[in-house]
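Right, one structure below, let's go through it.
The values are calculated or read from the model by the stated rules, or taken from the named source; none is laboratory data. Being a predicted model, the structure only gives us computed values, none of them experimental. All Cβ positions, even for glycine, are placed from backbone atoms using ideal geometry, and neighbour counts span all protein chains on display. Each accessible area value is taken on the protein alone, full model and side chains, heavy atoms only, with ligands, DNA and RNA left out. Shrake-Rupley method; radii C 1.70, N 1.55, O 1.52, S 1.80 Å.
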Amino acid sequence: MRFDRLWRGANLATLAPQRPGIGLIERGALGVADGRIAFVGEEAELPAGSEAKEEYNLQGRLVSPGLIDCHTHLVFAADRSREFELRLAGADYQSIAKAGGGIFSTVRATRAASEELLLSAASERLRALLAEGVTTLEIKSGYGLDSETELRMLRVARRLAQTNRVEIRTTLLAAHALPPERERSAYLAFIADELIPQAKRLGLADAVDGFCEGIAFSAAELRRVFASARAQGLAVKVHADQLSDTGGAALAAECGALSADHLEWSNDEGIAALARSGTVAVLLPGAFFMLREQRRPPVAALRKAGVPIAIATDCNPGTSPLLSILTAMNMAAIQFGLTADETIAAVTREAARALGRGGELGTLEIGKQADLAVWNVERAAELVYWVGRNPLHARVWRGA
Ligand SMILES: [Zn+2]
């Protein structure tokens, strides 16, 4: 066989579903050709006469699929550290709102920000994720709440993918909050009838998300938004049951959503529905941590029902200023009780499914895109174990 690149002497965390656990292959080799995985297996099984233009001996290092951060709000202007400071000093929600804090402070700043300013701020955040082996991420809009700013945010997300070696999936989240100047039903009609078709026409959105919560929108309201997304051929994702049980999980299943995200308050019927619809549960330990939440997502019930579980940073200025997928992994294991193997699958194979990219990404299997992370560790559990150590040795995107 002829490869463009061949890595030998690797411990391979393949995440191949037909193998147990993380699908570990010791003393493995991985060859890529034309940006795709052409060989993966034990080094001893390499066909005789295999050659490569470039060859590396990894001396026992671990190779995993490139990490996938499947839920971020990476594009925004201005942080909310002032509001954070007030909260630490004991201020309540009302006084923070009075001081101009909360989501609408981010909306005001983002509306006022130029595309270039948003791009440079998001680029810096993106660099932090790439430095930890992220090769694919999702970015949501949702701080514009008007067509001009929502589309600007999505354009910035697309531009980040043109200037960095990374795949970015974009999600229109205009149904994040009701802008103060709009009337509810008119705003929802605007999203469903104008903004979604426009984002689709411009090629700016891969999916549509909505915040199903008492402080945002009800399941009945979001149904109309998601029906429009489906009609336009866009995938659906749902911020579901984070702060209360509003039937978000059942809504996600009903709408054939790729993922239902947060899920702290999801009920048993909602979980059963997710299992039937093949919707991925995306758990977001950063927001849980920052909000000092007490109610954990129902991991045991999700596991029992066979719902795939992914983890993401949820990087956003209000509730999860988290720019470390490795920290999110540790948090999910410690706070939510995932096993080490589940945690690694949650940022690779299952995160790929949460983005509708499971056929191309998320495992080390022949034919898949050669997105890899090479780690200065021998055991995969170390990726979950360390807090604040980044053992990335190399990041490979599309074979290079
Ligand atoms: Zn979110």
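Laid out as a table, the results:
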quantity	calculated
Nearest-0.05 FRET efficiency for Phe104 and Ala227, computed from C-beta distance (R0 22 Å)	0.20
Mean ellipticity per residue at 222 nm, deg cm²/dmol - from DSSP H runs of n ≥ 4 across the chain, formula -39500 (n - 2.57)	-10000 deg cm²/dmol
Inter-part distance where the range 1-61 and the range 275-351 are each reduced to a Cα centre, Å	29 Å
Residues listed by number, the range 136-159, amide nitrogen under 18 Å from Ser114 label point at 7 Å toward C-beta	149, 152-157, 159
With every protein chain in place, the range 23-88: carbon and sulfur % of accessible area (1.4 Å)	45 percent
For Gly28, distant residues with modelled amide H under 5 Å away	Gly9, Ala10, Asn11, Leu12, Glu43
Nearest-ten-degree value, helix 103-112 long axis tilted from longest Cα axis of the chain	80 degrees
Low-density loop positions, trypsin sites (Lys or Arg not before Pro), the range 110-203 - DSSP coil, at most 15 other Cβ in 10 Å	Arg165, Arg182
Shape of the range 258-400, Cα gyration tensor, a/c cut at 1.5	oblate
DSSP-assigned coil residues among trypsin sites (Lys or Arg not before Pro) in the range 228-286, each with at most 14 further Cβ atoms within 10 Å	none
Most mobile listed residue (Asn11, Asn376, Asn316) in the chain, GNM with C-alpha springs under 10 Å	Asn376
Heavy-atom accessible surface of the range 200-272: percent carbon and sulfur, 1.4 Å	55 percent
Segment Arg184-Met1, length gained on full extension (0.36 nm per residue, minus Cα span)	59.8 nm
Extended-chain gain in nm, criterion 0.36 nm per residue less alpha-carbon gap, Tyr93 and Val387	102.8 nm
Nearest-10 value in Å² for the accessible area of Glu183, using the 1.4 Å probe	100 Å²
Estimated FRET transfer efficiency (Gln18, Leu202; beta-carbon r; R0 51 Å; 0.05)	0.80
Of all DSSP beta bridges in the range 244-400, antiparallel share, percent nearest 5	45 percent
Gained length - Glu194 relative to Leu291, 0.36 nm times residue gap less alpha-carbon distance	31.5 nm
log10 of Debye I(q)/I(0), alpha-carbon scatterers only, for the range 53-165 at 0.12, 0.16, 0.19 Å⁻¹	-0.55, -0.82, -1.00
Cα-based shape type of the range 317-400, given that a ≥ b ≥ c are square roots of the gyration tensor eigenvalues and the cut on a/c is 1.5	prolate
Debye log10 I(q)/I(0) at q = 0.11, 0.12, 0.14 Å⁻¹ for the chain, Cα point scatterers	-0.77, -0.90, -1.20
Surface accessible to a 1.4 Å probe, Leu234 within the full protein complex, Å²	10 Å²
Area of Ser114 that stays accessible when all protein chains are in place (1.4 Å probe, Å², to 10)	60 Å²
Karplus 3J(HN,Hα) series, Hz, for the range 92-99 with 6.51 cos²θ - 1.76 cosθ + 1.60 (x for Gly, Pro)	8, 4, 5, 5, 5, 4, 5, 7
